[in-house]
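Data block below; observations after.
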Amino acid sequence: MHIFKRDANLVHLLILLSAVLSGTSRLAAQDTDRPWKNPKLSPEERAEMVLKQLTLDEKLALLHGNGMAHNENWTMPLTSLSNGGAGYVEGVPRLGIPPLIISDAAYGVRDSGVNGRYSTAMPSNLGAASSWDTESACAYGTVIGQELRAQGFDMTLGGGVDLVREPRNGRTFEYTGEDPLLAGTMDGSMMKCEQAQHVVGDIKHYVMNDQETGRNFVNAIISKKAMQESDLLGFHIAISIANPGAVMCSYNRVNGAYACENPYTLHDVLKTDWGFKGFVVSDWGGTHSMIAASAAGLDQEQPMADYYGPKLKEAVESGKVPLSEIDDHARRVLFAEFLSGVVDDPPQKGVVDVAKGFEAAQRVEEESIVLLKNDHDLLPIDPAQVHRIAIIGGHADVGMISGGGSAQVDPPGGNAIMPPGKGATEWQEQIWFPTSPLKALRTKLPNTKIDFDPGTDLQSAAALAKNSDLAIVFAYQWESEGMDLPSLALPGNQNALIEQVAAANPHTIVVLESGTAVTMPWIDRVAGVVEAWYAGSSGDKALANVLAGVVNPSGKLPITFPISDKDLPRPAIPPPPRQDHSRAVADSSPHPISSGPPAYAVEYNEGAEVGYKWFEAQHKQPLFPFGFGLSYTKYEYSGLTVDSTAKTVRFTVTNAGKRAGTEIAEVYARLPQGAEESSYKRLAGWKRITLEPGESQTVTVPIDSRVLKTFDEANNRWNFAPGDYAMFVGGSSDSTPLTGILQVR
Ligand code: BGC
């Protein structure tokens with residue numbers, strides 16, 4: 001009996017062993033069959049191996065979308081496989097190459113609610129850029145990447161980095177500011193960490209997609225030199241940091257040619273000069289040709305196959321499009337899949353970690369809120385002095401607003417101000433998250449009487465303010481893809497409301513929930529202004545923490561706030577011409593537009609003088625300058641030394657106040673006198689420094705020489721002019737107490 005049992009055990013063992021061995025040999029056979037499965041090889045090698053196995057049909061399948069979920073104009077037989085996302089690209093199942101299941105995800109995963117899921121809304125991209133914190137940007141991207149995967153997606157359409165040269169652009173909230181170094185660094189850091197979660201990363205909208213007005217045909221006119229030193233530089237920095245699998249070309253034209261068939265921006269700059277190895281994906285419906293687009297470097301058409309489907313096959317077979325181009329496009333898509341880890345680790349649907357998302361969203365928002373004005377240190381609220389607070393306007397009793405369009409993240413349970421029973425939220429509808437700052441403040445200050453007035457009746461709002469120790473007016477400015485703002489003024493009667501409340505109570509604070517800069521005709525009449533941006537899923541708690549002083553604000557503006565729209569390079573966005581297709585099209589660009597939509601050129605004559613550079617060069621005083629933001633403590637700067645060889649600056653920052661805080665110390669450089677660009681300074685570096693009261697820290701900040709170079713258009717190269725570069729160090733672009741000289745020989 002005993003012996004029998006032992007034999008049985010032995011047999012068991014042998015069976016197990018042979019199973020393991022045969023499994024191993026099967027695996028080994030598979031590995032020899034599929035050498036590209038070896039993660040030790042480079043993404044380039046792996047992509048090349050797979051490419052060699054592909055039929056023409058399989059290659060072409062990688063080059064186009066299959067429709068867009070929830071869009072009846074854009075459906076194809078395979079659209080239903082898109083998991084409710086923006087796009088679906090077939091993989092190569094026989095070779096283990098997964099499909100691309102694509103979702104929008106600018107500040108969180110889009111279309112969750114409509115798909116019965118949940119996503120975290122991070123603060124708007126512009127808001128998050130106000131932290132100037134690459135770690136916070138990384139946390140931002142990590143949350144989005146993890147939630148994409150948990151929802152079954154393996155490619156993101158986030159990563160907006162177009163410079164804010166037109167602050168009325170309805171998508172300003174999706175971008176990371178007006179300075180190429182800051183915007184590129186923040187956006188690149190977000191996308192690097194997002195892609196690290198094994199989703200194909202994306203940087204968009206390449207390039208000069210600076211307004212929504214006429215976006216499908218507007219022709220952005222700008223010199224190559226200026227574009228290189230501004231918008232292209234921002235993209236280059238973001239792409240160098242993120243190394244994304246994809247870059248999305250934009251709807252507009254650039255100097256005549258559509259961005260998705262632009263030989264200069266796609267072939268010459270992105271792929272040749274920058275060596276970008278991923279694929280170029282068209283914005284949705286942004287493909288306008290086949291032969292021209294393919295030759296210029298468009299790799300994938302979305303969301304349909306109008307040009308890159310059967311027509312492309314025919315063109316290849318008849319020799320109109322060389323097979324080498326198809327190979328290049330397909331290789332790039334495969335490369336992106338290997339690079340991002342999608343092949344080795346395809347997404348598995350799971351449950352979104354809501355608590356983690358809330359945590360991260362709150363932390364990012366706490367670093368992003370910018371304190372713009374705080375007379376007599378009215379903030380933080382001191383419950384010993386302030387017994388009655390009036391909260392007025394901005395639907396503060398129910399929630400906070402979010403940015404619309406393809407970036408829109410669905411709030412849990414639907415729009416907080418949607419009439420009951422209305423159901424799903426819609427494209428271009430003001431969506432409010434159920435994050436009531438009124439409730440959050442009541443929780444934070446339990447012994448203070450806090451009343452609410454909706455602000456619709458100015459008299460009643462003023463009366464409540466008058467009977468309170470402090471009035472906080474919530475003002476909002478809503479933005480969305482597909483529209484631009486007529487001006488930076490607060491819409492509706494909000495300016496009048498603020499004036500009335502401030503007249504009734506000098507202790508009035510304005511909290512702004514905006515996607516871009518806001519003009520403030522009432523600025524001298526209010527005691528304080530707090531910019532909360534679109535504050536995301538935990539915006540209420542973050543804001544309450546800042547107002548109550550649990551968090552000391554540290555955010556700094558990533559864009560200039562002008563006094564008036566008239567101070568911008570264009571007092572208004574030029575209106576597009578009437579849609580008169582019969583009219584002969586005259587175009588000032590070197591590539592005349594032959595047919596189709598009306599000629600509508602916007603000339604960016606300000607060139608590389610975007611934002612604060614424009615204000616400085618034009619000697620215009622902004623309302624609040626780029627890089628500006630107050631704190632509940634104050635910082636002093638001293639002891640600048642410049643190391644011209646190492647290209648670093650060293651200085652000391654002291655917390656001269658009574659609270660711990662974090663200062664963003666900014667370093668600017670002005671090009672040598674005589675250089676044509678010397679009329680403005682450029683952000684060249686920065687450092688976040690956390691200091692206890694009375695503490696000093698001496699820091700060394702490297703100067704980013706990319707922003708000091710000038711582009712020589714004739715020779716297509718960058719010059720680093722010898723000479724004396726004036727260095728400026730301080731707490732904002734127009735407050736730089738320390739100056740020095742960096743010598744370049
Ligand atoms: C937007 C893109 C977006 C795409 C897919 C387009 O309208 O411009 O940013 O990723 O739609 O939703």
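The values are calculated or read from the model by the stated rules, or taken from the named source; none is laboratory data. Remember, it's a predicted structure, so these values are computed and weren't measured experimentally. Backbone-built Cβ (ideal geometry, glycine too); neighbour counts: all protein chains shown. Keep in mind that these areas ignore ligands, DNA and RNA; they rest on the heavy atoms of the full protein, side chains included. Shrake-Rupley method; radii C 1.70, N 1.55, O 1.52, S 1.80 Å.
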Based on DSSP H assignment, which helices of the chain show an axial Cα extent of at least 30 Å together with a mean Kyte-Doolittle hydropathy greater than or equal to 0.0?
2-33
For the range 633-744, the dipole about the Cα centre with charges only on Cβ (Lys and Arg +1, Asp and Glu -1), to the nearest 20 debye, works out at 240
Explain nothing, just compute: Karplus ³J(HN,Hα) = 6.51 cos²θ - 1.76 cosθ + 1.60, θ = phi - 60°, for every residue of the range 267-273 in order, whole Hz, x for Gly and Pro.
6, 6, 7, 4, 8, 8, 5
Between T690 and E603, 0.36 nm times their residue separation minus their Cα-Cα distance comes to what?
27.0 nm
First compute the accessible area of the range 633-744 with a 1.4 Å probe, then give the percent of it belonging to carbon and sulfur atoms.
45
Along the positive direction of the dipole of the chain (beta-carbon charges: Lys, Arg +1; Asp, Glu -1; about the Cα centre), which of P244, L51, Q146 reaches farthest?
Q146
Provide, in order from the shortest bin, the percent of all Cα-Cα pairs of the range 176-314 in each 10 Å bin, continuing until the bin that contains the maximum pair distance.
13, 43, 35, 8, 0
Just the accessible area per residue of the range 633-744, please: how many Å² with a 1.4 Å probe?
44
Rounded Å value of the spacing that divides the Cα centres of the range 213-285 and the range 120-187
18
Could you tell me what percent of the DSSP beta bridges with both partners in the range 210-338 are antiparallel, to the nearest 5?
20
In this structure, the FRET efficiency calculated for Q385 and A660 from their beta-carbon separation, with R0 = 22 Å, to the nearest 0.05, is 0.50
Could you report the range 382-516's accessible area per residue, 1.4 Å probe, as an integer in Å²?
38
Whole-percent carbon and sulfur share, accessible surface of the range 335-419, 1.4 Å
51
Which order do peptides 390-400, 558-568 fall in by mean Cβ count within 10 Å, highest first?
390-400, 558-568
Near the amide H of N66, under 5 Å away, which other amide H atoms are found, from residues 5 or more places off or on another chain, if H is placed in the peptide plane?
Y88
In terms of the alpha carbon gyration tensor, root eigenvalues a ≥ b ≥ c, rounded if a/c is under 1.5 and otherwise prolate when a/b exceeds b/c or oblate, the range 78-156 is prolate
Would you list M248, M76 from the most to the least accessible area, probe 1.4 Å?
M76, M248
Ignoring any ligand, DNA or RNA, what whole percent of the accessible area of the range 106-172 comes from carbon and sulfur when the probe is 1.4 angstrom?
46
With +1 on each Lys and Arg Cβ and -1 on each Asp and Glu Cβ, and nothing else charged, work out how big the dipole of the chain is about its Cα centre, in Debye to the nearest 20.
1120
Judged on accessible area alone, 1.4 Å probe, highest first, E178, E135 line up as E135, E178
Per its Cα gyration tensor (rounded if a/c is under 1.5, else prolate when a/b beats b/c, else oblate), the range 415-530 is best filed as oblate
With the dipole of the range 625-688 defined by +1 on each Lys or Arg Cβ and -1 on each Asp or Glu Cβ, the option from A669, S679, L630 whose Cα lies farthest towards the positive pole is L630
Cα convex hull volume per residue for the range 633-744 (Å³):
88
Assuming a ≥ b ≥ c are the square roots of the Cα gyration tensor eigenvalues, decide whether the chain counts as rounded (a/c under 1.5), prolate (otherwise, with a/b larger than b/c) or oblate.
prolate
The answer for K204, listing residues at least 5 apart or on another chain whose modeled amide H is closer than 5 Å to its amide H, is G160, V161, M248
For the range 368-510, with only Lys/Arg (+1) and Asp/Glu (-1) charged at the beta-carbon, what is the dipole magnitude about the Cα centre, in debye rounded to 20?
480
Which value at 222 nm does the chain reach when only helices count, each DSSP H run of 4 or more adding -39,500 (n - 2.57), with the total divided by all residues and rounded to the nearest 500 deg cm²/dmol?
-8000 deg cm²/dmol
